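Since the structure comes first, as structure tokens, the remarks are kept for the end.
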Protein chains: 2
Amino acid sequence: MTSPRPFRLTPQRAAVLRAVHDASDHPTARDIFARVKPGLPGIGFATVYRTLNLLVEHGEVRELRVGEDPVGRYDGDTGRHDHVRCAGCGAVADVTVPLPDTVQGDAAAASGFRVDGYELVFVGRCPGCAGERL
Amino acid sequence: MTSPRPFRLTPQRAAVLRAVHDASDHPTARDIFARVKPGLPGIGFATVYRTLNLLVEHGEVRELRVGEDPVGRYDGDTGRHDHVRCAGCGAVADVTVPLPDTVQGDAAAASGFRVDGYELVFVGRCPGCAGERL
DNA sequence: GTCCCTGCAAAAGTTTTGCATTGCG
DNA sequence: CGCAATGCAAAACTTTTGCAGGGAC
């Protein structure tokens, strides 16, 4: 079992948790660092990263990597939902598109894997970028 | 316009292209470097990366990043298909699960984005890892 | 001759780790 | 006291870029 170790809610951890939950733009670790820094000037990168990993382990926060961008993004909404990424500016938005119940079974049958879930990311253009080019 | 520049098929490029097309395991740039090195001992990392980017631009190869792993993987199959990732060992396999035609329209309606496509990655356990734990 | 390609080395960027210090319990 | 958490600095990694040399056309 992955029994999460006990958890101490320090000011740093509370600040990071709040920053992720308050954000709606899927911030990167760097973004979160920048947003938390003003309230805790002493905080360092390492604490932010360690905290984010801890929060992910505890299921308080969801980590996602989308598209060709190699940087991790964090989502305070841990409920089931999907994402859309703008190919123009890289923005990531939430969206929920229910798939038929059969897809996981289909995937399992086709691959031989046991399938527990999926990640679905749509690719397109946000309203701002849609009119520009292409 | 993204008019692909002319293209010279050097031995290095041919080797990288062949390595990706022959692979079925979605190798990383590092994997490809290791596989190509024996046949071209002089080759360097930079050439592999530059070549992979070139091949992606020309649509000869597909780049994908899946899961919490920040490293890029490459797929010689450029046709429409999906992937399954093993949460145990990190293996990535191909799978094709057609989704209803309505999903892209649903996503567009729900997000306000123009939606051109999607990436679908199932998460589960490969046959080898399924029996082990959890 | 010109231009593209390569290889090496260094740079850039993200994430992790080591270690001494601090401070709660 | 004992142990976990922090902050700083350095390390680990992946990927990109600068530059000089060399080959193709």
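Before moving on, here are some points about what is shown:
- Pairs are defined by a Cβ separation below 9 Å, a sequence spacing of at least 6 or placement on different chains, a first member in the range A:43-70 that is basic (K, R), and a second member that is within 11 Å of DNA strand D (Cβ to nearest atom) and part of a loop (DSSP other than H, G, I, E, B); the pairs so defined are A:R65/A:V71; A:R65/B:R65; A:R65/B:D69; A:R65/B:P70.
- Taking strands (runs of 3 or more DSSP E) as the structural unit, those lying wholly within the range B:36-134 and holding at least 1 residues that are within 7 Å of chain A (Cβ to nearest Cβ) correspond to B:62-64, B:82-86, B:92-95, B:114-125.
To keep it simple, each residue is scored yes or no on (1) of a type in the set (A, V, I, L, M, F, W, C); (2) within 11 Å of DNA strand D (Cβ to nearest atom).
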position: A:T10; (1), (2): no, yes
position: A:A14; (1), (2): yes, yes
position: A:R18; (1), (2): no, no
position: A:I32; (1), (2): yes, no
position: A:V36; (1), (2): yes, yes
position: A:V61; (1), (2): yes, no
position: A:P70; (1), (2): no, yes
position: A:D75; (1), (2): no, no
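- Test: residue in the range B:1-8 that is open to solvent by less than 30 Å² (accessible area, probe 1.4 Å), within 16 Å of DNA strand C (Cβ to nearest atom) and not polar (S, T, N, Q): no
- Flag: A:V20 matches the condition of being crowded, with 18+ Cβ neighbours inside 10 Å, assigned by TED's automatic domain parsing to the domain that holds A:R8 and touching a Gly at 6+ places or on another chain (Cβ under 7 Å).
The values are calculated or read from the model by the stated rules, or taken from the named source; none is laboratory data. Predicted model, so just to flag it, every value in this text is computed and none were measured. Reconstructed Cβ throughout: ideal geometry from the backbone, glycine too, with neighbour counts over all protein chains shown. Surface accessibility is based on the protein's heavy atoms, side chains included, excluding ligands, DNA and RNA. Shrake-Rupley method; radii C 1.70, N 1.55, O 1.52, S 1.80 Å.
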